[in-house]
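Working notes, beginning with the structure itself.
The values are calculated or read from the model by the stated rules, or taken from the named source; none is laboratory data. No experiment lies behind these values; they were computed from the predicted model shown. A quick note on method: Cβ atoms are made from the backbone with ideal geometry, for glycine too, and the neighbour counts reach across all protein chains shown.
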Amino acid sequence: GENVEQHPSTLSVQEGDSAVIKCTYSDSASNYFPWYKQELGKGPQLIIDIRSNVGEKKDQRIAVTLNKTAKHFSLHITETQPEDSAVYFCAASREAGTALIFGKGTTLSVSS
Amino acid sequence: ETGVTQTPRHLVMGMTNKKSLKCEQHLGHNAMYWYKQSAKKPLELMFVYNFKEQTENNSVPSRFSPECPNSSHLFLHLHTLQPEDSALYLCASSPLGQGGNQPQHFGDGTRLSIL
């Protein structure tokens, strides 16, 4: 079955710096890769997603890149702010209506 | 407000109790999911329902019993749970249809503690 590895497990940056979180997946049939942000006491919130027919997607300060050949995808956050501090999860799935396979999460701390 | 509401938010129960978790989505989706989130482990899928029919059961013990009476409501019935079942239980929903995968939207979960 699918396996998703996520690195690093913790990441500390200064406000204004960039943060990069990387994930690898094992199932070449996976074609959908969302990223979620989870704040304390809340459920995961979708922040950006990418499909296998696209190499890069950007939404304001957040961007995701996908390398299908290498089976890895990354989340890039620029100009980080303290409110970006949270746990970030990558995930992968094969088709609609099936499970998302999650990475173990990255705890991002942005200090001012 | 995520559009997916879970109740209760917190639940403490003994191992011999029977309780139910409830999830309701107001997004018009037709797929619903139960996930388990334990400390230091990835979110794990438990069950998937598409158009009210269960399509995935991820080898979940029978002490967890899901019910999906319609596309807007999902329940997780609990009985004779074990201490290792203490976790955050998350419900999610997504559309199904043309265009491949669609985003799953999560509720804020039920924090379950087994005494």
If a residue counts only when it is touching a Ser or Thr at 6+ places or on another chain (Cβ under 9 Å) and within 11 Å of another protein chain (Cβ to nearest Cβ), which strands (runs of 3 or more DSSP E) contained entirely in the stretch B:59-115 have at least 3 such residues?
B:87-94
Return the only residue of A:ALA19, A:ALA86, A:ALA63 being within 14 Å of the chain's Cα centre (by Cα) and under 21 Å from B:SER38 (Cβ atoms).
A:ALA86
With the condition kept exactly as written, say whether any residue in the stretch B:25-46 is among the hydroxyl-bearing types (Ser, Thr, Tyr), over 27 Å from A:TYR88 (Cβ atoms) and either more than 10 Å from the chain's Cα centre (by Cα) or within 9 Å of chain A (Cβ to nearest Cβ) (or both).
no
Within the stretch B:13-25, restricting to residues that are at pLDDT 95 or above and hydrophobic (A, V, I, L, M, F, W, C), the one that is farthest from B:PHE64 (Cα to Cα) is B:CYS23
The stretch A:25-40 - residue that is of a type in the set (A, V, I, L, M, F, W, C) and assigned to a strand (DSSP E or B) and, of those, surrounded by the fewest Cβ atoms within 10 Å (Cβ to Cβ):
A:TRP35
If you check every pair at least six apart or on different chains, which have Cβ atoms under 6 Å apart with a residue in the stretch A:21-32 that is touching a residue at least 40 places away in the same chain (Cβ under 8 Å) first and a residue that is polar (S, T, N, Q) and in a loop (DSSP other than H, G, I, E, B) second?
A:SER26/A:ASN3; A:ASN31/A:SER52; A:TYR32/B:ASN101
Only one of (1) facing another protein chain (nearest Cβ under 9 Å); (2) crowded, with 17+ Cβ neighbours inside 10 Å; (3) in contact with a Phe, Trp or Tyr (Cβ under 9 Å, 6 or more places away or on another chain) fails for B:THR55. Which number is that?
(2)
Got at least one residue in the stretch A:70-81 being part of a loop (DSSP other than H, G, I, E, B), at negative phi and of a type in the set (D, E, K, R)?
no
For the stretch A:41-67, how many residues meet the condition of being closer than 22 Å to B:PHE106 by Cβ, more than 11 Å from chain B (Cβ to nearest Cβ) and either in a strand (DSSP E or B) or touching a residue at least 40 places away in the same chain (Cβ under 8 Å) (or both)?
4
